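Reviewing the structure listed below.
Since every read-out is calculated from the coordinates, none of them should be taken as a lab result. What you see is a predicted model; the values in this text were computed from it and never measured. Please note: Cβ atoms are built from the backbone with ideal geometry, for glycine as well, and neighbour counts cover all protein chains shown.
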Amino acid sequence: MTGAIVFDLDGTLIDSAPDIHAAANRMLADCGEAPLDLATIIGFVGNGIPHLVRLVRQARDIPDARQDEMTATMLAHYTAHPADLSTPYPGVRSCLADLKACGYRLGLCTNKFRAPSMQILDALELTGFFDVVIGGDSLPVKKPNPAPLQAAFDALGTERLLYVGDSEVDAETAQRARIPFALFTRGYRKTPVAELPKTFAFDAFDTLAAHLPALVAR
Ligand SMILES: O=C(O)COP(=O)(O)O
Ligand SMILES: [Mg+2]
């Protein structure tokens, strides 16, 4: 079986919110501000760390002038502890291993900066599954602009089979890139499943491979 499958990272392959939450609260503590709860921070994930810092500042009434300094602080905390609390969702590693063994080429397209993404993939022993990793700073634009997803598929150089993601941003990216989209429903989505454009939705990684023959036959 051939074809290329690209995955999102946060909320799709890994539950990374606890480490993002910890870094955000360390950043707030550095500013003398009270912490935010996990659910609030999860609501801020999806458009990359600078955007998350913007939303955290707004939640704590911290002025725009501190954006760059706080983003640097957040990134320092995050890259110091990128994968202390993060874990792959159940079945992810065996799903990726099975897909690789079947001959699919796999890529990653995340809005997280590439350096911390690689740290996390290394720490969770997922790096070897991917032939390309596109981060939020790999191109001048990020998702929902379709260019990063297209760049990932270009690098894989075979039939563009599927993009797998968890969020509104991923659904829009796939739609704009005209790539079939699988919505993982246990990630950080805010919109009801029925309202997001998708080719199919799934809630467990041991069920993903069963959808692929229908895509190849399209
Ligand atoms: O870092 C984020 O905000 C989102 O990252 P993702 O694109 O891997 O979901
Ligand atoms: Mg995501």
(message) Suppose we filter Phe205, Phe153 for residues that are away from ligand 2 (no atom under 16 Å from the Cβ), surrounded by 16 or more Cβ atoms within 10 Å (Cβ to Cβ) and farther than 23 Å from Ala39 by Cα; which single one remains?
(response) Phe153
(message) One residue is enough: does segment 44-56 have a residue meeting the conditions over 17 Å from the mean Cα position of the chain (by Cα), of a type outside the set (Val, Ile, Thr) and more than 14 Å from ligand 1 (Cβ to nearest atom)?
(response) no
(message) Looking only at segment 52-88, how many residues end up being without any contact (Cβ under 8 Å) to a residue 24 or more places away in the chain and within 16 Å of ligand 2 (Cβ to nearest atom)?
(response) 1
(request) Give the residue that is nearest to Val169 (Cα to Cα), with candidates limited to residues of segment 123-148 that are among the charged types (D, E, K, R) and surrounded by fewer than 19 Cβ atoms within 10 Å (Cβ to Cβ). (result) Asp137
(request) Consider Asp64 carefully, then state whether it is more than 24 Å from Gly187 (Cα to Cα) and either charged (D, E, K, R) or in contact with an Asp or Glu (Cβ under 6 Å, 6 or more places away or on another chain) (or both). (result) yes
(request) Could you grab me the full set of residues in segment 180-190 that are in a loop (DSSP other than H, G, I, E, B) and either of a type outside the set (Val, Ile, Thr) or surrounded by fewer than 11 Cβ atoms within 10 Å (Cβ to Cβ) (or both)? (result) Pro180, Arg186, Gly187, Tyr188, Arg189, Lys190
(message) Can you go through Ile49, Ile20, Ile14, Ile41 and tell me which one is without any contact (Cβ under 8 Å) to a residue 40 or more places away in the chain and within 14 Å of ligand 2 (Cβ to nearest atom)?
(response) Ile41
